[in-house]
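The next block holds one structure in the form of structure tokens; read it before the comments.
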Amino acid sequence: VTEPAAEPDMAEAASAAVDQAFIDHMHAHAEQLDELMFALADDDLEGAMTPAFWLSRHDTVEGVPEEWQVHVSGMREAALAVGRATDLESARAAAEEISANCQACHSAAGVAGPE
């Protein structure tokens, strides 16, 4: 009697989706979020708009598992909110939502965040 093949678990599915192009794309997200946060730390609302625009509208990378899409959508919506912000307080709140969505996706993927 042979055992039926085990279904791949979420970690296996996640690792299959993660290739170098995917990793590079996520690093690009981190760089844009850093630029956005640096601009807001400098009280530069206008300077935050370019990285916010990129985060809200850039091309997506192939292979993002369906269960992670909610975090990608949340990140994009929060980036749009930064772009619509008329004051630093609302831009900072939206930027924190971007960060929260990134961290939630990292958790879903089993990836440790920055130390």
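The set of residues in segment 56-80 that are exposed (fewer than 14 other Cβ atoms within 10 Å of the Cβ) and assigned to a helix (DSSP H, G or I) comprises Arg57, Glu66, Glu67, Gln69, Val70, Ser73.
Within segment 85-111, residues that are over 22 Å from His25 (Cβ atoms) sit with their Cβ atoms under 7 Å from residues that are surrounded by fewer than 15 Cβ atoms within 10 Å (Cβ to Cβ), at 6+ positions apart or across chains, in these pairs: Leu88/Asp43. For Ala21, the conditions (1) crowded, with 18+ Cβ neighbours inside 10 Å; (2) closer than 23 Å to Ser107 by Cα; (3) of a type in the set (A, V, I, L, M, F, W, C) all hold with the exception of (1). Here Glu96 meets the list (1) at pLDDT 95 or above; (2) open to solvent by less than 40 Å² (accessible area, probe 1.4 Å) almost entirely, failing just condition (2). Of all residues in segment 16-36, those satisfying the criterion of being modelled with pLDDT of 55 or more and among the small types (Gly, Ala, Ser) are Ala21, Ala28, Ala30.
The values are calculated or read from the model by the stated rules, or taken from the named source; none is laboratory data. All values derive from a computational prediction rather than experimental measurement. Neighbour counts run over all protein chains shown; Cβ positions are idealised from the backbone, glycine included. For the accessible areas, the whole protein counts, side chains as well, though only heavy atoms, and no ligand, DNA or RNA atoms are used. Shrake-Rupley method; radii C 1.70, N 1.55, O 1.52, S 1.80 Å.
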